[in-house]
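Before any comments, here is the structure.
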Amino acid sequence: MLIRRALASAAALLFLATAGCASGADVRGDGHAPVGHRAHAYTYSKAQAAAIVAQAAAPLRGSEFRADCFSSHRRGDDPIVFPGQAGRSHIHEFYGNRTANASSTLQSLSAGTTNCTPATDLSSYWTPTLYQNGVPVAPERVTVYL
């Protein structure tokens, strides 16, 4: 248990470092973050950083799962709200299953590929696309858990 907590704390600290926790170096001279995934770098408060470390160190319970996924594609689809109606929704950022679209089914997703860890997670996840100054911004990654 102690080793698990130490490893989880180390992983959380690595996450904080890669997510821009103390990334003053990411800021250009004009006070804006550089273009790319680091463009949305954020400096966590000490309380937020401690909460992330504590959450990572918390024990997992029986039915929980966790998947780390990357942005796969962007579409004006919502397979649940507007099934089979491509382009009917506002723009979403899709994560996980690379084949997800308005017409996705269990069978089509099962035949698709994923960019999640674990690779056995063929689910598709989506959120409304975030825009900064009119330009879509994809997160570096998302963590899905239950």
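The values are calculated or read from the model by the stated rules, or taken from the named source; none is laboratory data. Just so you know, these numbers come straight off a predicted model, no measurement behind them. Note that we place each Cβ from the backbone using ideal geometry, even for glycine, and neighbour counts take in every protein chain shown. Side chains included, ligands, DNA and RNA excluded: accessible areas come from the protein's heavy atoms. Shrake-Rupley method; radii C 1.70, N 1.55, O 1.52, S 1.80 Å.
Values as computed for the structure displayed
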{"read-out": "Sequence-distant residues sharing a close amide H with residue 75 (under 5 Å, placed H)", "value": "92, 94"}
{"read-out": "Full-stretch length increase - residue 127, residue 107 - with 0.36 nm per residue and alpha-carbon distance subtracted", "value": "5.0 nm"}
{"read-out": "Cβ-Cβ FRET estimate between residue 91 and residue 146, R0 fixed at 30 Å, reported to 0.05", "value": "0.70"}
{"read-out": "Accessible area in square angstrom per residue, segment 60-146, 1.4 angstrom probe", "value": "61"}
